[in-house]
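Trainee: Please see the structure below; I have some questions.
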Ligand SMILES: Cc1cc2nc3c(=O)[nH]c(=O)nc-3n(C[C@H](O)[C@H](O)[C@H](O)COP(=O)(O)OP(=O)(O)OC[C@H]3O[C@@H](n4cnc5c(N)ncnc54)[C@H](O)[C@@H]3O)c2cc1C
Ligand SMILES: Cc1cc2nc3c(=O)[nH]c(=O)nc-3n(C[C@H](O)[C@H](O)[C@H](O)COP(=O)(O)OP(=O)(O)OC[C@H]3O[C@@H](n4cnc5c(N)ncnc54)[C@H](O)[C@@H]3O)c2cc1C
Ligand code: SF4
Ligand code: FES
C-alpha cells in the first residue's frame with residue numbers, strides 16, 4: 001500500500017457499507033448489510049491516520065486497540081487484525097454488528113470532526129467475518145486446571161464472556177440457561193437481519209471446544225437454587241448473567257387486548273421459536289395488516305422492521321421527537337428506508353378493543369416539547385389534542401425491568417427498588433458470598449458491550465476470589481433500596497464516561 | 001461431552017386414560033427433585049414445536065420422574081400423544097409458577113377437577129391431607145367414560161364425588177351440584193378448582209357469596225413461563241398479573257374470567273392452519 005500523508009488520508013471518501021436494497025430486504029430476514037470486501041476494508045482502513053492519542057479507544061468500553069487493528073487491515077493482514085481485536089473483545093463479529101459505535105468509539109474519532117468518522121464497526125465486523133469464513137480461529141492458551149468450578153447463569157453476552165474468561169484461567173465452567181438454546185437477547189431480541197444465528201452459534205461452539213459445559217432448560221432459582229449450586233453441586237462460585245427480561249407495559253386501558261404484544265413476546269415468538277416459519281415451526285404469531293409499534297429505541301426499531309418483514313403496514317408511535325429517539329443511529333436510518341409511518345410526539349393513552357377483546361384502534365395524545373428534564377432532553381408535554389388510528393396489532397417496545405426469578409428465590413441476593421441486583425461496582429460481588437453478577441441484571445438493561453465489559457471484570461474478580469485474593473469482608477454492596485444499578489465501570493476519562501453513560505441510560509429508558 | 005445435568009426427558013410409561021387423553025411418566029430428575037404441588041412445566045415434544053404448559057399430577061423424586069396428563073387439543077398436544085414409551089421429548093423446563101397456597105384449615109377442603117385438572121389437584125390434595133385437613137374431591141365429566149384419575153384422587157381424599165352431565169355415574173349435572181350438596185352438609189374452608197374456564201368460573205360464583213377461600217389455576221397461553229414475555233397476562237383484582245410467575249393459582253373471586261377466555265382464543269384461527277398443514 002502506498003504511503004499516504006495524513007492530508008491525503010483525510011481527503012479519502014468514506015466507504016459506505018453496501019446494503020441490500022430496501023424494497024428487496026423487507027421481503028426476507030437476511031442480514032441487511034452485505035459487509036466490506038477486502039478491497040473496501042483496506043480502502044476504509046486507509047482513512048485512519050493512526051492518532052498518537054486516539055479519540056476512538058477511550059470510547060470503547062473494552063478498550064480495543066482500534067488504530068492497531070485497523071493498521072493490520074490496511075496492510076492486508078486480516079488474521080493479525082482479528083488477533084489484535086480478540087486481545088480485548090471476545091465477540092467481535094457480534095459487536096461489529098450491534099454496538100452503538102456512533103455513541104462510543106466513532107463519536108470522537110478525529111476524522112469525524114470534519115467528515116464522517118472511520119467506520120470502525122464495519123471494519124471490526126470485516127475482520128471477525130474473515131476469521132469465521134476462513135476458519136482460522138485458534139483456541140487461546142488455557143491455564144492449568146485449578147480444580148475450581150464456576151457456575152454461570154444465563155448464556156447472553158454477559159454469561160458467554162464470563163465463561164470465556166473463567167475457563168481461560170483454568171476453572172471448570174458450566175453455563176445454565178433457562179431456554180432451550182443459548183444466546184439470550186442476541187437470539188430472542190436482536191433480529192436475524194441484524195445478527196444471523198450462525199455467528200452466535202459459532203461463538204458458543206468455540207466455548208464448547210474450549211471445554212465450557214452448556215446445560216439448557218435449567219432455570220436457576222427454580223430447578224437448582226444458588227444454595228444448591230454452592231452446596232450440593234459443589235461449585236466454588238456463581239456468576240449471574242440472567243439479563244433483564246420483564247417487559248414494561250404502560251398501564252393504559254385495553255392493554256390486555258388480543259393483538260397487543262410486548263416486544264419480548266413478539267420477538268421471542270419469531271426469533272427464538274421461528275414463528276415466521278409457521279406452520280413448519282408451530283409457534284403462532286398473529287399480525288394484522290396495520291401494526292402500531294410503541295417506542296423508538298433499538299427494540300422499537302427491531303420490532304418495526306420485523307413487522308414490516310411479516311407484511312405489515314407499520315406505524316411507529318413515540319412520545320418524544322425524532323431527534324430524541326434513543327435507537328442506534330444506523331438502526332433508525334435503516335428503519336427509515338423501509339417504508340415506515342412515523343408518528344413522533346404521539347403518546348398512546350388508550351387501546352380500543354371490540355366485544356371479543358380484539359384490538360381495533362389506538363388513541364394518542366399529541367405532544368409538544370417543553371422544558372428540559374433531568375436527562376437534559378426537552379420533555380414532551382400533552383397538548384390536550386387527541387387522535388385515533390385504526391389498528392390490528394400493537395407491540396409495546398418500551399424496554400424491560402429485571403426478571404425477579406433469582407432474587408425472589410434467594411433473599412440473600414440484594415436488589416434495589418427496581419429489582420436490579422446490587423453489586424460492588426468494582427468487583428461485581430453481590431451481597432451473597434460466592435455470587436457475582438453482571439450485565440443487564442445489574443444495570444436494568446444496557447448494551448451488549450457493557451454487559452461483556454462487566455462480565456469480564458466480574459470474571460477477573462471471581463478468579464481473585466478463587467485464589468483467595470479477595471473476600472466478602474471487603475465487598476461494598478449497596479443496601480439502600482434507592483441505589484441505582486451499576487451503569488459503567490471501565491477505566492476511561494470521566495467526561496467521556498459521563499457522556500456514554502448518559503447515552504446508555506437514554507437507551508435503557510427508551511420509552512421514557 | 002457427557003454432562004450430569006442433561007435430562008433425557010424419556011417417556012418411561014404411557015397409559016390411555018380415555019380417548020385422546022394419556023398419562024405419562026417422564027424422566028426429568030432435576031425437575032422431579034424440586035417440583036411442588038400446584039407448579040407446572042413447559043415442554044416441547046419436538047425441536048420445531050411450540051412451548052406448551054402442562055400441570056403435574058405426580059412425581060417420583062427417587063426415580064427422577066414426572067407424571068403428566070395430556071389431552072389432545074391442537075397440534076402440539078396431538079404430537080405429544082403420538083409419542084411412545086422410549087421416545088424422548090425435545091425439551092422440558094420447570095418447575096414453574098408458585099406452589100399451591102395451603103394451610104391447616106378449620107373446615108373441609110374441596111378439590112375440584114375437570115379433565116386434566118383432576119390430575120393437577122392430586123398433589124395439592126395430598127399436601128392438604130398431610131397437614132391434617134379433611135379433604136374432599138369432586139371430579140366432573142360429560143359421561144362416565146371421560147372421568148379420569150378417580151382412583152388416584154380417592155387415595156388422597158377422605159371422600160370423592162363424581163358428577164356426569166348425562167348421569168351415567170354419580171351425580172347428574174355439573175361439579176357445582178356436588179359442591180352444593182357438600183355445602184348442605186358441612187362448612188368448607190378451602191376450594192381449589194382446576195379445569196375448563198367455565199367450570200372454574202361456576203365454582204367461584206357459587207363460593208363467592210359464602211366468602212369461601214377459593215383458588216383457581218389459570219391456563220393462560222404461555223411462551224417462556226418465567227415472566228419474560230407477558231403473553232400470559234391475566235387481570236386479577238383489577239391488576240395485570242403474569243399467570244406463569246405470579247400464578248398459576250389465583251384467588252378465584254378476583255379473576256377476570258371473561259378476559260381470560262377471550263385471550264385463550266387469540267390463536268384459534270391460526271392454530272387450525274398448523275393442523276391443516278399436517279392434514280389432521
Ligand atoms: C430487541 C433488543 C434489541 C437490542 N439491540 C441492541 C443493540 O443493537 N446493541 C446493543 O449493544 N444492545 C442491544 N440490546 C441490549 C442487549 O441485547 C442487552 O444489553 C444484552 O443482551 C444483555 O446481556 P446479558 O447477558 O446481561 O443478558 P441477556 O442477553 O438477557 O441474557 C440473559 C440470559 O439468561 C437467561 N436466564 C434468565 N434467567 C435465568 C435463570 N433463572 N436461569 C438460567 N438462565 C436464565 C436468559 O434466558 C438469557 O438467555 C437490545 C436489546 C433488545 C431487547
Ligand atoms: C398452567 C397450565 C397448565 C396446563 N396443564 C395441562 C395439562 O396438565 N394437560 C393438558 O392436556 N393441558 C394442560 N394445559 C393446557 C395446554 O397447555 C393446552 O392445551 C395446549 O397449550 C394446547 O396446545 P396445542 O398446540 O395442542 O393446541 P392449540 O392448537 O395451541 O390450541 C387448541 C385449542 O386449545 C386452546 N388453548 C390453547 N392454549 C391453551 C391453554 N393454555 N389453555 C387452554 N386452552 C388452550 C386454544 O384456544 C384452541 O382452541 C395447561 C395450561 C396451562 C397454562
Ligand atoms: S480516532 Fe479515528 S483516525 Fe484516530 S486512531 Fe481512532 S479510528 Fe483512527
Ligand atoms: S409465559 Fe411469558 S411471561 Fe408468562
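Trainee: It is to be established whether one or more residues within segment A:91-109 are in a loop (DSSP other than H, G, I, E, B), within 16 Å of ligand 1 (Cβ to nearest atom) and closer than 19 Å to residue A:206 by Cα.
Mentor: yes
Trainee: Look at segment A:278-298 and say how many of its residues are modelled with pLDDT under 95 and either touching a helix residue (DSSP H, G or I) at 6+ places or on another chain (Cβ under 9 Å) or not assigned by TED's automatic domain parsing to the domain that holds residue A:351 (or both).
Mentor: Number of matching residues: 14.
Trainee: Out of segment A:113-135, which residues are modelled with pLDDT of 90 or more, in a helix (DSSP H, G or I) and surrounded by fewer than 17 Cβ atoms within 10 Å (Cβ to Cβ)?
Mentor: Within segment A:113-135, A:133 is the sole residue that qualifies.
Trainee: Looking at segment A:318-339, can you tell me whether even one residue there is away from ligand 1 (no atom under 16 Å from the Cβ), more than 13 Å from chain B (Cβ to nearest Cβ), farther than 30 Å from residue B:76 by Cβ and modelled with pLDDT of 95 or more?
Mentor: No: zero hits.
Trainee: Do we find that residue A:187 is modelled with pLDDT of 95 or more, more than 7 Å from ligand 1 (Cβ to nearest atom) and out of contact with any strand residue (DSSP E or B) (no Cβ under 8 Å at 6 or more places or on another chain) in this structure? Give the steps one after another, and end with the answer.
Mentor: On the way: modelled with pLDDT of 95 or more: yes; more than 7 Å from ligand 1 (Cβ to nearest atom): yes; out of contact with any strand residue (DSSP E or B) (no Cβ under 8 Å at 6 or more places or on another chain): yes.
Answer is yes for this residue.
Trainee: Those residues that are in contact with a helix residue (DSSP H, G or I) (Cβ under 7 Å, 6 or more places away or on another chain) and buried (at least 18 other Cβ atoms within 10 Å of the Cβ), I need them from segment B:156-173; list them, please.
Mentor: Passing the criteria: B:156, B:157, B:160, B:161, B:162, B:163, B:164.
Trainee: Same structure, new question: Output the residues belonging to segment B:208-230 that are within 20 Å of the chain's Cα centre (by Cα), more than 11 Å from ligand 2 (Cβ to nearest atom) and surrounded by fewer than 24 Cβ atoms within 10 Å (Cβ to Cβ).
Mentor: B:213, B:227
Trainee: More than 7 Å from chain B (Cβ to nearest Cβ) and more than 16 Å from ligand 3 (Cβ to nearest atom): is that true of residue A:276 in this structure?
Mentor: Yes.
Trainee: Residues B:226, B:231: which one is within 24 Å of residue A:260 (Cβ to Cβ), within 14 Å of chain A (Cβ to nearest Cβ), within 16 Å of ligand 1 (Cβ to nearest atom) and in contact (Cβ under 8 Å) with a residue 40 or more places away in the chain?
Mentor: After ruling out the rest, the residue left standing is B:226.
Trainee: Of the conditions (1) buried (at least 18 other Cβ atoms within 10 Å of the Cβ); (2) part of a helix (DSSP H, G or I); (3) touching a strand residue (DSSP E or B) at 6+ places or on another chain (Cβ under 8 Å), residue B:176 satisfies every one except a single condition; which number is it?
Mentor: (3)
Trainee: Where in segment B:191-280 are there helices (runs of 4 or more DSSP H), lying fully within it, with 3 or more residues that are touching a strand residue (DSSP E or B) at 6+ places or on another chain (Cβ under 8 Å)?
Mentor: B:197-207, B:257-264
Trainee: Being in contact with a strand residue (DSSP E or B) (Cβ under 6 Å, 6 or more places away or on another chain) and under 15 Å from residue B:266 (Cβ atoms) is the filter; apply it to segment A:261-273 and report the residue that is nearest to the other protein chains (Cβ to nearest Cβ).
Mentor: Once the filter is applied, the top-ranked residue is A:262.
Trainee: Any idea which of B:111, B:148, B:54 is modelled with pLDDT under 95, buried (at least 21 other Cβ atoms within 10 Å of the Cβ) and closer than 30 Å to residue B:180 by Cα? Walk me through it before giving the result.
Mentor: On the way: B:111 fails: modelled with pLDDT under 95; B:54 fails: modelled with pLDDT under 95.
Answer to the selection: B:148.
Trainee: Suppose we keep only residues that are surrounded by fewer than 19 Cβ atoms within 10 Å (Cβ to Cβ) and more than 6 Å from ligand 2 (Cβ to nearest atom) within segment B:61-77. Which one would you say is nearest to residue B:114 (Cα to Cα)?
Mentor: Among those residues, the one meeting the criterion is B:72.
Trainee: Moving on. Restricting attention to segment A:20-41, does a residue exist that is within 16 Å of ligand 3 (Cβ to nearest atom) and in a helix (DSSP H, G or I)?
Mentor: So far as segment A:20-41 goes, yes, one or more of its residues are within 16 Å of ligand 3 (Cβ to nearest atom) and in a helix (DSSP H, G or I).
Trainee: For segment B:17-51, how many residues meet the condition of being under 24 Å from residue B:223 (Cβ atoms), within 12 Å of chain A (Cβ to nearest Cβ) and surrounded by 15 or more Cβ atoms within 10 Å (Cβ to Cβ)?
Mentor: Result for segment B:17-51: 19.
Trainee: Same structure again: If you go through segment A:286-315 one residue at a time, how many are part of a loop (DSSP other than H, G, I, E, B) and either over 23 Å from residue B:74 (Cβ atoms) or more than 8 Å from chain B (Cβ to nearest Cβ) (or both)?
Mentor: 9
Trainee: Which condition from (1) surrounded by 15 or more Cβ atoms within 10 Å (Cβ to Cβ); (2) facing chain A (nearest Cβ under 10 Å) is the one that residue B:258 breaks?
Mentor: (1)
Trainee: Now, a different point. Any idea how many residues of segment B:83-126 are away from chain A (no Cβ under 14 Å) and in a loop (DSSP other than H, G, I, E, B)?
Mentor: Final tally of qualifying residues: 15.
Trainee: Which of the residues that make up segment B:68-82 are touching a residue at least 60 places away in the same chain (Cβ under 8 Å) and more than 14 Å from chain A (Cβ to nearest Cβ)? Reasoning before the result, please.
Mentor: Kept after step one, since they are touching a residue at least 60 places away in the same chain (Cβ under 8 Å), are these residues of segment B:68-82: B:69, B:74-75, B:78, B:81.
Within segment B:68-82, B:69, B:81 qualify.
Trainee: From (1) within 16 Å of ligand 2 (Cβ to nearest atom); (2) modelled with pLDDT under 95; (3) out of contact with any strand residue (DSSP E or B) (no Cβ under 6 Å at 6 or more places or on another chain), pick out the condition that doesn't hold for residue B:102.
Mentor: (1)
Trainee: Picking from A:385, A:350, which residue would you name as being in contact (Cβ under 8 Å) with a residue 40 or more places away in the chain and more than 14 Å from chain B (Cβ to nearest Cβ)?
Mentor: A:350
Trainee: Sticking with this one: Out of A:239, A:214, A:179, A:235, report the one residue that is within 14 Å of chain B (Cβ to nearest Cβ), crowded, with 21+ Cβ neighbours inside 10 Å and either in a strand (DSSP E or B) or within 16 Å of ligand 3 (Cβ to nearest atom) (or both).
Mentor: Working: A:239 fails: within 14 Å of chain B (Cβ to nearest Cβ); A:179 fails: either in a strand (DSSP E or B) or within 16 Å of ligand 3 (Cβ to nearest atom) (or both); A:235 fails: either in a strand (DSSP E or B) or within 16 Å of ligand 3 (Cβ to nearest atom) (or both).
That would be A:214, the only listed residue that is within 14 Å of chain B (Cβ to nearest Cβ), crowded, with 21+ Cβ neighbours inside 10 Å and either in a strand (DSSP E or B) or within 16 Å of ligand 3 (Cβ to nearest atom) (or both).
Trainee: Related question: Could you list, in sequence order, the residues of segment A:242-279 that are over 19 Å from residue A:183 (Cα atoms) and buried (at least 24 other Cβ atoms within 10 Å of the Cβ)?
Mentor: Across segment A:242-279, the qualifying residues are A:260, A:261, A:262.
Trainee: Can you name every residue in segment A:184-211 that is within 14 Å of another protein chain (Cβ to nearest Cβ) and crowded, with 18+ Cβ neighbours inside 10 Å?
Mentor: A:184, A:185, A:187, A:188, A:189, A:204, A:207
Trainee: Related question: With respect to residue B:14, determine if the residue is modelled with pLDDT of 95 or more, in contact with a helix residue (DSSP H, G or I) (Cβ under 8 Å, 6 or more places away or on another chain) and either more than 10 Å from every other protein chain (Cβ to nearest Cβ) or outside any loop (DSSP other than H, G, I, E, B) (or both).
Mentor: Working: modelled with pLDDT of 95 or more: yes; in contact with a helix residue (DSSP H, G or I) (Cβ under 8 Å, 6 or more places away or on another chain): no; either more than 10 Å from every other protein chain (Cβ to nearest Cβ) or outside any loop (DSSP other than H, G, I, E, B) (or both): yes.
Spelling it out, it is not the case that residue B:14 is modelled with pLDDT of 95 or more, in contact with a helix residue (DSSP H, G or I) (Cβ under 8 Å, 6 or more places away or on another chain) and either more than 10 Å from every other protein chain (Cβ to nearest Cβ) or outside any loop (DSSP other than H, G, I, E, B) (or both).
Trainee: Ok, one more. Please tell me if residue A:282 is surrounded by 22 or more Cβ atoms within 10 Å (Cβ to Cβ), within 10 Å of chain B (Cβ to nearest Cβ) and over 23 Å from residue A:442 (Cα atoms).
Mentor: Considered against the rule, which asks whether it is surrounded by 22 or more Cβ atoms within 10 Å (Cβ to Cβ), within 10 Å of chain B (Cβ to nearest Cβ) and over 23 Å from residue A:442 (Cα atoms), residue A:282 comes out as yes.
The values are calculated or read from the model by the stated rules, or taken from the named source; none is laboratory data. This is a predicted model, so every value here is computed, not measured. Ideal geometry is used to build each Cβ from the backbone, glycine not excepted, and the neighbour counts take in all protein chains shown.
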